[in-house]
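J.: Please read through the structure below; I'll follow up with questions.
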Amino acid sequence: MDLFLDLYGFLSVVLHAGELMARSVLVGAIAFLGLLAVPLSRRLSPSEGAMLIGAARRAILWGGWLTLGAVALSAGLGAVALIGTLELPVSRALGASFVLSALGVMACAALALMLARRAVPPALPLLALALLLLVAAVSGSHAMSRVEDRLPMLAATFVHQAGAALWLGGLPALLLALRLKWSVAAAQAVGARYSVLAVAGVGGIVAGVVGYYLGYVQSPEAIYGTAYGAMSATKSVLFSALLLLGLANWLLLHRFAQAGGFLPRLRRFVECELIIGICIFGIAASLTAVPPAADLPDDRVTWAEIAERAVPHAPRLASPSHSDLGIPALQAQLDAEWRARTQSERPQAFIPGEGFLPPRNAFDIAWSEYNHHMSGFVVLAVGLVALLDATRRVPWARHWPLLFMGLAAFLFMRSDPEAWPLGDIGFLESLRDPEVLQHKLLSLLVVVFAISEWSVRLREEKTSSLRGKRGPAAYVFPIAMALGGFLLLAHTHAIANVREALLVELSHLPLGAAAVIAACARWLELRGDGTREARVARWVWPCCLVFISGLLILYREA
Ligand code: HEM
């Protein structure tokens, strides 16, 4: 139970993101059926109409089962954590508002699954269920706990989540449909009708954002001065990238469709919308795990502090010694006392998961800054060599993934100096600390994508005619980049000082956003092999890497 409670903070954000995505896919698929497939099937040929309804039905079934699973897991573990921390009787925990909200969502999902078993699922009852599901979901949100302006905040949350489901939640159903064999006219009709739903979705999201600003943020200072505000701002950046992709799709469907051949491009852009969308849901889950900015009038970071922290300093080229760091230094002191007093058990300076924050001194800050700066230089080298490789004129440059192996080893060794291999705390024991777990996951991610990307480049070297015939290994890099971005956007820091934690977060959020953009660019390059957007994309992700390296080399913690 202790280990579970230690990791629950991080787990709950990941689970909640899964829950938000599954719910949105289910509601989005139902909207796709009721507002697009059924009305459009009357204008298409019977076989194409049946194909469209079939795709919507499959998306509803997927969304329904995923919602049942994700919501049961997220609410179930939430209830266990509640019982574990507050020692509540099970009956009381089951009465918690998030559990009741989850039960409502699951009941709607189960009913939707039953209705979707029919060959032509009934659209109206399903649309009513989708609205009920959103109401149940909103009853578990921040808005429900507001004393003042509860109703307007419930309304803002409802339209925001409805908009999210209509646009991003419907994408899997659209992608399933776009994979089918269509006449150009039918494909253009499906896409054009979907862009109307997407525009309505954007309207709902933006209307919600206005409500959130008025109710939960309330001042520009709260945007950069609180974690809630900073994450909302990061969402806006990714939202803008999504709008650009949405615009490209709109132009494809309304301006260039006659030219034909738009379908593969449309599919590629929709896939990128999904990648960015998944990370936006990650931020949404992280956002609702912290109090709204308006509830934190004190302890805000000032613009002056951010400006001061943003002043570039020369990167650290030398690391402080390990023994000077907070935990090793305290351990050495405790060991000396222990040896002097021959106590039975050797006292430990820091026990992961005990809920106490580790002792930190100026050397710890220097150590962390040195880690970021050195990682920055490695990522800079990777970005520059990858740019050389993009010229297709420097054969050795295709081996840039090997540089990442060095970075992975560096991060594994140094990201948590209190733990194995440098520190006293055993590897497994150290994983009780969510931050250590995330760091180790990140290093593992770097190794996985370095090895697979290098194997892809070696194969390309041997058989230059690989164009368009890339295996699944080629997709590990963009997926790992997107996952890394997701982790950076959704992860927390065990720093006592809220302002310090935010100043660190303010440097990690743009890192995460840049990683997501880079992942999309690499995805477009792979999927659109030889096309114009692929030729542009192959320069975009190395530039994102160079941008990321700049943030790392200029990173400061004091
Ligand atoms: C495609 C774009 C977007 C999607 C799919 C999306 C999705 C979501 C979802 C599903 C939630 C609910 C989380 C929950 O209740 O647990 C949420 C919450 C939130 N979103 Fe968005 N969002 C998007 C864009 C934005 C933008 C651009 C902003 C701000 C500028 C924003 C600000 C917020 C805020 C502040 C919350 C938390 C509300 C609360 O505290 O309950 N969102 N978003």
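J.: Just checking, does region 2-22 include any residue being within 30 Å of A186 (Cα to Cα) and in the same structural domain as A285 (by TED's automatic domain parsing)?
T.: Within region 2-22 (the criterion being within 30 Å of A186 (Cα to Cα) and in the same structural domain as A285 (by TED's automatic domain parsing)), the answer is yes, since at least one residue qualifies.
J.: Can you go through A558, A537, A521 and tell me which one is small (G, A, S) and closer than 27 Å to V301 by Cα?
T.: Values: A537 fails: closer than 27 Å to V301 by Cα; A521 fails: closer than 27 Å to V301 by Cα.
Residue meeting the stated conditions: A558.
J.: Related question: If a residue has to be within 11 Å of the ligand (Cβ to nearest atom) and either in contact with a strand residue (DSSP E or B) (Cβ under 8 Å, 6 or more places away or on another chain) or not hydrophobic (A, V, I, L, M, F, W, C) (or both) to count, how many in region 145-161 make the cut?
T.: Total satisfying the criteria: 5.
J.: Quickly run through region 509-558 and pick out the residues that are assigned to a helix (DSSP H, G or I) and of a type in the set (V, I, T). Spell out how you get there, then give the answer.
T.: Applying the first criterion (assigned to a helix (DSSP H, G or I)) to region 509-558 yields 509-527, 532-553.
V516, I517, V536, V540, V546, I548, I553 - these are the residues of region 509-558 that are assigned to a helix (DSSP H, G or I) and of a type in the set (V, I, T).
J.: Got at least one residue in region 88-103 being open to solvent by 40 Å² or more (accessible area, probe 1.4 Å), away from the ligand (no atom under 16 Å from the Cβ) and among the aromatic types (F, W, Y)?
T.: No, the conditions are met nowhere in region 88-103.
J.: Quickly run through region 300-344 and pick out the residues that are assigned to a helix (DSSP H, G or I) and either among the aromatic types (F, W, Y) or open to solvent by 80 Å² or more (accessible area, probe 1.4 Å) (or both).
T.: W303, E308, Q333, W338, R339, A340, R341
J.: Now for a different question. Any idea how many residues of region 218-233 are within 9 Å of the ligand (Cβ to nearest atom) and among the hydroxyl-bearing types (S, T, Y)?
T.: The number of residues fulfilling the criteria is 2.
J.: Here is a check on your reading of the model: is G208 surrounded by 22 or more Cβ atoms within 10 Å (Cβ to Cβ) and either of a type in the set (V, I, T) or touching a residue at least 24 places away in the same chain (Cβ under 8 Å) (or both)?
T.: No; evaluated as a whole, the condition is false for this residue.
J.: A further question follows. Consider region 179-203. How many of its residues are open to solvent by 70 Å² or more (accessible area, probe 1.4 Å) and not small (G, A, S)?
T.: The total comes to 6.
J.: Same structure, new question: Quick check on this structure: which one of P121, P172, P152 is touching a helix residue (DSSP H, G or I) at 6+ places or on another chain (Cβ under 8 Å) and part of a loop (DSSP other than H, G, I, E, B)?
T.: Details: P172 fails: part of a loop (DSSP other than H, G, I, E, B); P152 fails: part of a loop (DSSP other than H, G, I, E, B).
Criteria check complete, one pass: P121.
J.: Right, here's the next one. Name the residues in region 51-64 that are modelled with pLDDT of 95 or more and open to solvent by 10 Å² or more (accessible area, probe 1.4 Å), would you?
T.: Listed by number, the residues that qualify are I53, G54, R57, R58, L61, W62.
J.: Next up: Being of a type outside the set (S, T, N, Q), buried (at least 21 other Cβ atoms within 10 Å of the Cβ) and not in a loop (DSSP other than H, G, I, E, B) is the filter here; which residues of region 409-433 pass it?
T.: L411, A419, I425
J.: Within region 168-198, can you find the residues that are within 13 Å of the ligand (Cβ to nearest atom) and closer than 18 Å to A128 by Cα?
T.: Residues of region 168-198 that are within 13 Å of the ligand (Cβ to nearest atom), as a first pass: 168-171, 198.
Hits for region 168-198 are G169, G170.
J.: Are any of the residues in region 380-402 in a helix (DSSP H, G or I), closer than 20 Å to R316 by Cα, open to solvent by 20 Å² or more (accessible area, probe 1.4 Å) and out of contact with any strand residue (DSSP E or B) (no Cβ under 7 Å at 6 or more places or on another chain)? Don't jump to the end; show me each part of the working.
T.: Of region 380-402, the ones in a helix (DSSP H, G or I) are 380-390, 395-399, 401-402.
Still in the list and also closer than 20 Å to R316 by Cα: 380-382.
From what's left, open to solvent by 20 Å² or more (accessible area, probe 1.4 Å): 380-381.
In the following step, the residues that additionally are out of contact with any strand residue (DSSP E or B) (no Cβ under 7 Å at 6 or more places or on another chain) were identified as 380-381.
Checked against the condition, which is being in a helix (DSSP H, G or I), closer than 20 Å to R316 by Cα, open to solvent by 20 Å² or more (accessible area, probe 1.4 Å) and out of contact with any strand residue (DSSP E or B) (no Cβ under 7 Å at 6 or more places or on another chain), region 380-402 yields at least one hit.
The values are calculated or read from the model by the stated rules, or taken from the named source; none is laboratory data. All values reported here derive from a predicted model rather than from experimental measurement. Backbone-built Cβ (ideal geometry, glycine too); neighbour counts: all protein chains shown. Ligands, DNA and RNA are excluded from the accessible area calculation, which covers all protein heavy atoms including side chains. Shrake-Rupley method; radii C 1.70, N 1.55, O 1.52, S 1.80 Å.
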